[in-house]
Amino acid sequence: MSANSMPDAVSKAPPQEMVRITTDQWTQPFWDATKEHRLVGAQCGDCGKFRVPPSPMCPKCHSQRIDWVPLSGKGTIYTYTIITRAMFPSMEPHIPYVPAVISLEGAGGTRLVSNIVGARVGDIAIGGKVRVIWEDHADGKTVPHFALEPG
Ligand SMILES: [Zn+2]
């Protein structure tokens, strides 16, 4: 089935059980912020370079300092794919879903792997404007997805 076979379908969130989040000292602040429905980016505390995903050392200046800065939650679709087939039965209600790489506004060109949710599939395009939306999961984590900006 090609993506064009369901242009009027509305994109869904993937099954929560497919999203397994493990955190460590370098990523915990990101997930603490999502619980409060805030999108933050890791920025080097010395040279200002953003690093996504956050890593122990800045690739530019080797500093270990990180400032977590609030982001607008707006972004642009860098690339995406449309999943139109359920790989297992419990996925069926979540079809189609649309994993996407989002270029984040105000984050130095960094990108976040996420999903586009609640969009008419035929309206999704590279370069499209999106904004963050939140899905609170049963396990207590909150996951950022993105919705198309109107217009
Ligand atoms: Zn740096």
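Figures for the structure shown
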| read-out | value |
| --- | --- |
| Three-way shape label, the chain, alpha-carbon gyration tensor, a/c 1.5 | prolate |
| Sites Tyr78 and Ser55 - FRET efficiency at Förster radius 30 Å, r taken between beta-carbons, to 0.05 | 0.90 |
| Spatially proximal aspartates and glutamates relative to Lys129 (Cα-Cα < 16 Å; intrachain offsets below 8 disregarded) | Glu105, Glu149 |
| Extension gain from Asp32 to Trp68, taking 0.36 nm per residue of separation minus the Cα-Cα distance | 11.9 nm |
| Candidate aspartates and glutamates - alpha carbon under 13 Å from Lys35, same-chain residues fewer than 8 apart omitted | Glu135, Asp136, Asp139 |
| Residue with peak Gaussian network fluctuation, the chain [Cα springs, cutoff 10 Å], from Met91, Met57, Met18 | Met18 |
| Accessible area of region 3-151 belonging to carbon and sulfur atoms, whole % at 1.4 Å probe | 52 |
| Cα-centre dipole for the chain with unit charges at Cβ (Lys and Arg positive, Asp and Glu negative), debye to 20 | 380 |
| Mean ellipticity per residue at 222 nm, deg cm²/dmol - from DSSP H runs of n ≥ 4 across the chain, formula -39500 (n - 2.57) | -1500 deg cm²/dmol |
| Cα gyration tensor category, rounded, prolate or oblate, for region 65-144 with a/c compared to 1.5 | oblate |
| Potential lengthening between Asp123 and His137 on full extension [0.36 nm per residue; Cα-Cα distance subtracted] | 2.4 nm |
| Packing-based ranking, highest mean first, of 71-77, 47-53 given that Cβ atoms within 10 Å are counted | 71-77, 47-53 |
| Residues with amide H under 5 Å from that of Val130, placed H, sequence gap 5 or more | Gly75, Thr76, Ile77, Glu149 |
| Calculated FRET efficiency for the pair Arg111/Phe88, C-beta based, R₀ 35 Å, to 0.05 | 0.80 |
| Dipole of the chain [Lys/Arg +1, Asp/Glu -1 at C-beta], most positive-end residue of His62, Thr23, Ser114 | His62 |
| Interchain or long-range residues, amide H under 5 Å from Glu135's placed H | Val143, His145 |
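The values are calculated or read from the model by the stated rules, or taken from the named source; none is laboratory data. These figures come from a predicted structure and were not determined experimentally. Because the Cβ atoms are built from the backbone with ideal geometry, glycine has one as well, and the counts that use them run over all protein chains shown. Just so you know, the surface numbers come from the protein's heavy atoms only, side chains and all, with ligands and any DNA or RNA stripped out. Shrake-Rupley method; radii C 1.70, N 1.55, O 1.52, S 1.80 Å.
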